[in-house]
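Here the structure is laid out as structure tokens; the discussion comes afterwards.
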Amino acid sequence: MMNTDQLVQLFRQAVPAQSIISEKTSLRVYESDGLSAYRQPPRLVVLPTSIAQVQDVLAICQQHAIPVVSRGAGTGLSGGALPHKDGIVVSLAKMNQMLAVDPLNRIAKVQSGMRNLAISEAVESLGLYYAPDPSSQIACTIGGNVAENAGGVHCLKYGLTLHNVVSLKMATMEGDLIDIGANCLDWPGFDLLSLMIGSEGMLGIVVEVTVKLLPIPECAKVIMGIFDSVKNAGDSVAGIIGNGIIPAGIEMMDNLAIRAAEDFVGAGYPVTAKAMLLCELDGTETETDDQIRQVETLFRDNGAIDTRVAKDEQERALFWSGRKAAFPAMGRISPDYYCIDGTIPRRSLGHVLTEINNLSEKYQLRVANVFHAGDGNLHPLILYDANVPGELNKTEELGSKILQLCIDVGGTITGEHGVGVEKIGEMCIQFSDHEREQFHRIRHCFDPKSLLNPGKAIPSLARCAEHNAMHVHHGQLPFPQLERF
Amino acid sequence: MGSITESIAGNIEDQLQQQVLAARQSSTPLAICGGNSKTFYGREIVGQPINVAQHSGIIDYHPTELVITARAGTPLREIMALLEKNNQMLGFEPPLFSDSATLGGAIASGLSGPSRPFSGPVNHFVLGVTVLSGRGEVLRFGGQVIKNVAGFDVSRLLVGSLGCLGILLEISLKVVPKPATELTIVLHHADADAAIVSMNTLAGKPVPISAAAWVAGKTRIRLSGSKAGVTAARRAIGGKVDAEGAAFWSGIREQTHGFFKVDRPGNRPSKQSGKQLSQPLLLRSSVAPATKMFCQNKCQLIDWGGGLRWYSCTERDDNRDSSVQEFEDAVKSARGYVTRFRNGDRKSEVFAPLPDMILKFHQRLKNQFDPDGILNPGRMYRAL
Ligand SMILES: Cc1cc2nc3c(=O)[nH]c(=O)nc-3n(C[C@H](O)[C@H](O)[C@H](O)COP(=O)(O)OP(=O)(O)OC[C@H]3O[C@@H](n4cnc5c(N)ncnc54)[C@H](O)[C@@H]3O)c2cc1C
């Protein structure tokens, strides 16, 4: 294996010295993403500033069989940007510009390292915005969003990254620079665009993204529903959707989350409530008022003990501030927390939340729930202390139990954060050998040497044999009766 | 064809699997058929028919989940009727072209109706599939929930793949509530460019547009949503309400609108030559919606707020090639794509050629899903 100096020399052929980080302490910044329980410094970090440099870097990696992990802002929550011990990290952070805006066609072409929120800010004067709004949107990059198919508070109505990206430019390991998708509304051939979105950096490095821009709604209002049972809150969500209303967003918080957020930002949340819903409606002024009234009635019909409508823009921001700060708020009440991302059919909300509660008691670990209730995308946050010996293991075991529960009710192990290194074991439960094999074959089409993000997202057969062996009871696979949806 | 029981479905699935395995053994190409409503689409192929229509029935539907799961052979009509009863609908408004149209065919052909620019194409609504690959393996991808990022998004890769990668067995779709109010307004734009600018300017405003098209000097804008929202938008946009609005949209979706009819004046066989004309070649071009009108001399219908330009080439055989060429060149320089949608020579390529670099990945994927090349070989491209 090459030593660090040799490696630096090698990549100097592709990028200038100031675009390479090799010094130990500086590398530490890159040793993990938002899932900080996993850490591994890379051999080097390379920060290309042009497409040509990205291609040159990949050519070197391909020739010398060096693993590559691409990285946007490192806010990922599944260890997707966790470095490989023998590999390099390619950070897209310096490629962060908007390249073109076409207001009449309502699209913008941006470099993949551009921050999500910066896109909306740049086109705001045109009355347009980029809809997907992950809570991390101040920091996360559009390239990272594409890799994870990121969602946000407003994706119930406006869709995920998938629904809001029209084309990509991607550099492959074999040296191709390919345009995928088009500025038209469709294009010939297979839908490679959908294949790329959510592919967790395993098929190529995305260098440019053309996003769809939407008109900023005339008016947005938010209503808070306060409940004395989680079940009533869950039923309200089904009630709203069953009545043909698609809110811009509908988020749920349970008591622990409400209290933590309230302590942190003072959003005026009801600290004794068992559950709270924040429901945002948008459209024209009269339309929004109409719908707010309908939702208010539905909340009450489903047993809400109180409702509040934010009276102005300022109060709307205040209502949301607690939800948006929910993660850091957890950081204040617990040394560490672990965020789960399972998605379930909405009708199972009550059952799953009750089961999570039971598991929480069994494992003696607190679990707070803050999540995208409208799409059934749960984010149980397990509170733990990594300094207590064995607690991280216990946490991971509880997390795995929760994901099994999600699969059990017909859901999935990840709604928006991706598999990464974190849920690789659960992939063995959700997919059969044949299905995982097919994933590997697809990967092989684009990266024949498997150098991009090796060891992530799709477990090897051997790995699953090992995983399932651990979970076999009385000679039976877990949940043999389940549909592997 | 009504629903079938679980066990019959299981048997059908087994039979289909056996057929694929046998075809692999004998290297026999298979031509997948559902309701035969879209046989005209794609290239003409030779293959032993493998029939999916009998694999029918709605498996799961919970209105409050906004998700429906059905077998690929289920008639679209049956699905639409059930949704209608629950005040819901398919958000991508698929063209049926015949009552026999099946869900599998709609997904495999990937055709979306007039709402495409505003509520998204077919693939945005597909949540999961069960597919029988060319290897003879039954595989499930995606799921029945709205958000799911576990594994590559194979279910959407299969949308519009014309059966070249696998035989769809079951499909889960996201469905949408029917809008409380819907109306169509007509604006007069003699000039197509004025219509294109108008449709795209409106699409950039927060108004509840669900379709926009221009044909024969008239722009039609469909508004869908709450009563208050639609009324406000109607007032802001102006124009007259089209009482026949709903019929207009289904006419362009199903291609029963006069524009698509063979017997328009000028389409009739020439009396003098007495020569029987072949059916007009229907060209479909997809361009960035605000693209200026090209080939002014060619009668076009514009849908998708400018993104879709239909041209029915009625030229006589001797002039046809140059006319088609002219249209294709114009679309190409607008960086769009032409499909020879209906009629004409179906043995040659009918879809716009793929760049070599992109074709390479198509071939590799085909090879990984269908290594013996037995599933609808050549239906999309000769090389696939
Ligand atoms: C507080 C907080 C809140 C969050 N809220 C949400 C939320 O509401 N919704 C949501 O979906 N997610 C959320 N996330 C998760 C995270 O922000 C998203 O997954 C985001 O998309 C990651 O973007 P990033 O630029 O940080 O990517 P990174 O973390 O750097 O990378 C993520 C993955 O993308 C790959 N990648 C990055 N750039 C490229 C590229 N150019 N080409 C190819 N592959 C690439 C990496 O290899 C890695 O596998 C949250 C995270 C935090 C910390």
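The values are calculated or read from the model by the stated rules, or taken from the named source; none is laboratory data. Keep in mind that this is a model prediction, so the values were computed, not measured. Note: ideal-geometry Cβ built from the backbone for every residue, glycine included; neighbour counts use all protein chains shown.
A few remarks follow.
- Spans of helices (runs of 4 or more DSSP H) in region B:25-123 with at least 2 residues closer than 19 Å to B:Leu169 by Cα and under 13 Å from the mean Cα position of the chain (by Cα): B:103-109
- Test: residue in region A:92-111 that is at pLDDT 95 or above, within 8 Å of the ligand (Cβ to nearest atom), more than 13 Å from chain B (Cβ to nearest Cβ) and under 20 Å from A:His417 (Cβ atoms): yes
- Taking the numbered list (1) at pLDDT 95 or above; (2) at the interface with chain B (Cβ under 8 Å from one of its Cβ atoms) in turn, A:Thr210 passes all entries but (2).
- Just one of the listed residues (B:Leu183, B:Leu173, B:Leu162, B:Leu139) is more than 9 Å from chain A (Cβ to nearest Cβ), crowded, with 21+ Cβ neighbours inside 10 Å and either among the β-branched types (Val, Ile, Thr) or outside any loop (DSSP other than H, G, I, E, B) (or both), namely B:Leu173.
- For A:Gly74: the one exception among (1) within 7 Å of the ligand (Cβ to nearest atom); (2) crowded, with 24+ Cβ neighbours inside 10 Å: (2)
- Filter result for A:His440 (within 11 Å of chain B (Cβ to nearest Cβ) and surrounded by fewer than 18 Cβ atoms within 10 Å (Cβ to Cβ)): yes
- The set of residues in region A:399-425 that are under 23 Å from A:Arg347 (Cα atoms) and either assigned to a helix (DSSP H, G or I) or not assigned by TED's automatic domain parsing to the domain that holds A:Asp375 (or both) comprises A:Gly399, A:Ser400, A:Lys401, A:Ile402, A:Leu403, A:Gln404, A:Leu405, A:Cys406, A:Ile407, A:Asp408.
- Region A:59-81 residues that are in the same structural domain as A:Gly415 (by TED's automatic domain parsing), paired with ones that are more than 6 Å from the ligand (Cβ to nearest atom) (beta carbon under 6 Å, 6 or more apart): none
- Considering the conditions (1) farther than 30 Å from B:Ile252 by Cβ; (2) touching an Asp or Glu at 6+ places or on another chain (Cβ under 9 Å), B:Gly110 is excluded by exactly one of them, (1).
- Selection within region A:318-347 - buried (at least 20 other Cβ atoms within 10 Å of the Cβ) and within 14 Å of chain B (Cβ to nearest Cβ): A:Ile340, A:Asp341, A:Gly342, A:Thr343, A:Ile344, A:Pro345, A:Arg346
- When the criteria are applied in full, A:Asn96 fails the requirement of being under 16 Å from the mean Cα position of the chain (by Cα) and of a type outside the set (Val, Ile, Thr).
- Those strands (runs of 3 or more DSSP E) of region A:153-228 in which 3 or more residues are crowded, with 22+ Cβ neighbours inside 10 Å occupy A:165-171, A:205-212, A:219-227.
- Extreme residue, farthest from A:Leu278 (Cα to Cα), among residues of region A:137-152 that are within 6 Å of the ligand (Cβ to nearest atom) and outside any helix (DSSP H, G or I): A:Thr141
- Counting the residues of region A:399-422 that are within 7 Å of chain B (Cβ to nearest Cβ) and hydroxyl-bearing (Ser, Thr, Tyr) gives 2.
- A:Lys274 vs. criteria closer than 27 Å to A:Val367 by Cα and surrounded by fewer than 20 Cβ atoms within 10 Å (Cβ to Cβ): yes
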